[in-house]
1. Can you name the residue in segment B:117-139 that is under 23 Å from B:ILE184 (Cβ atoms) and within 14 Å of chain A (Cβ to nearest Cβ) and is also surrounded by the fewest Cβ atoms within 10 Å (Cβ to Cβ) among such residues?
2. Report yes if A:ALA64 is among the hydrophobic types (A, V, I, L, M, F, W, C) and touching a Leu at 6+ places or on another chain (Cβ under 8 Å), otherwise no.
3. Which condition does A:THR125 not pass, out of (1) closer than 30 Å to A:ALA2 by Cβ; (2) within 14 Å of chain B (Cβ to nearest Cβ), if it passes all the others?
4. Please enumerate the residues belonging to segment B:11-33 that are closer than 15 Å to B:GLN183 by Cβ and modelled with pLDDT under 95.
5. In contact with a Lys or Arg (Cβ under 8 Å, 6 or more places away or on another chain), assigned to a helix (DSSP H, G or I), crowded, with 16+ Cβ neighbours inside 10 Å and without any contact (Cβ under 8 Å) to a residue 60 or more places away in the chain: does that describe B:LEU56?
6. Out of the residues in segment B:76-112 that are basic (Lys, Arg) and buried (at least 17 other Cβ atoms within 10 Å of the Cβ), state the one that is nearest to the other protein chains (Cβ to nearest Cβ).
7. Scan segment B:142-150 and give yes if some residue there is at the interface with chain A (Cβ under 10 Å from one of its Cβ atoms), touching an Asp or Glu at 6+ places or on another chain (Cβ under 8 Å) and of a type in the set (Lys, Arg), otherwise no.
8. Kindly indicate which of A:SER49, A:SER33 is more than 30 Å from A:ASP154 (Cβ to Cβ) and polar (S, T, N, Q).
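The values are calculated or read from the model by the stated rules, or taken from the named source; none is laboratory data. These numbers come from a predicted model, not from an experiment. Please note: Cβ atoms are built from the backbone with ideal geometry, for glycine as well, and neighbour counts cover all protein chains shown.
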Amino acid sequence: MASATDIHAKFGNVIALDLYAPLEPLHTDLVESERYTGMLGNKTVYRYSRAPDSWGIQGKHQKAVHVDLNAGSFFSPHRDFFNNMEPKWVRLNCFANHSHPEECTYVIDREIQNFRPGQWVCVNTSVVHYSFCFKDNTVHYIVDIDVSDPTTLDWFLSTIEHCQRPIGVAGYK
Amino acid sequence: MEPMSLHSILSSYGDIVKLNYKFEQQTIEELKTVSDWISGPNNKTAINLTGPIEDLGLDAPPEIKHARNQPYNNNLEMCPSIKLFFDKWTELARCRAVTMQKGSFFRPHRDAYRLNDQFRIFIPLNKTKDKDWMFFYDGKIERFEAGVPYILNTRKTHGSFAMANDIYHIIMSLYLNEKNLKQIAKMLPDCEEN
């Protein structure tokens, strides 16, 4: 049974997926709860009951979240999933817009990332990570998927960028 | 020596160069006695330590903001430990102290990117741990020691972000001349000649 530890040992701390989500307004019909609203310099985190179809997430998932950030919003340095050596959940992040580090800086293991807007990336959140935002109206999506579930794992592996080898095309590498 | 030659020597030391000097907590206490901190962009406050006291001059024309030999002002007079350090240098341009609060930031930017013959000394006085404050430079995260001055090549993209309150920095702009370069050389750590 695969775990997040296996996934990140094999593919690295940041795994780009060939999977994109559009920038879209909050799905108010899916919102279960919200956190941090109205705090100066902070972000608003909306927990969804499930991932919206538009995100393209397949299989078992939990903690689908839409995050609204503004200039001055941040996530302090922290680790997730640190109590479990082999968590079955892996975290996917999508920086729907303002993904350039000069717009919103995301740092993992002291490395500044430069994401493509709308692209899903699987991030090893057991490693220290944080972000700070320089631009208003920045939107992130986050969801955890269950890689212990074979169907979900197969789907996940099929989305990893640069793993799709064209059939019958010589010299593609 | 020509200014560009001095720049070459300065650059040869590196982009972020620690100086052998240490400010203590007393400096922050002195800064706290200054009452007229001025609101700046992105939830920062600042005071000029040289030049006019009533206006930070962030948008002032370059010939004013970058004027040579800007005099010490009353704010600096209230901070003797900073004045002691300033006395080591010549041809000061605009020098400031800045405070940041949770969520304050300096957006990524370059300074003195035109052919100004200036350089910067950056002094993060406190709260330099990752959990409190983050400085990014030329695409990387850099760490600093609290209370220590650094020569900083601010022509490269840099910025910072505060995740804690009451963060104090001093930012000095100086003209590059032979005397200042010799002062830097005197304060470089690890430079004892055999």
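1. For segment B:117-139, the residue satisfying everything is B:ASP138.
2. yes
3. Among (1) closer than 30 Å to A:ALA2 by Cβ; (2) within 14 Å of chain B (Cβ to nearest Cβ), A:THR125 violates only (2).
4. Passing the criteria: only B:TYR13.
5. The answer is no for B:LEU56.
6. Per the stated criteria, the residue is B:LYS102.
7. For segment B:142-150, residues at the interface with chain A (Cβ under 10 Å from one of its Cβ atoms), touching an Asp or Glu at 6+ places or on another chain (Cβ under 8 Å) and of a type in the set (Lys, Arg): present.
8. Sole residue among the options that is more than 30 Å from A:ASP154 (Cβ to Cβ) and polar (S, T, N, Q): A:SER33.
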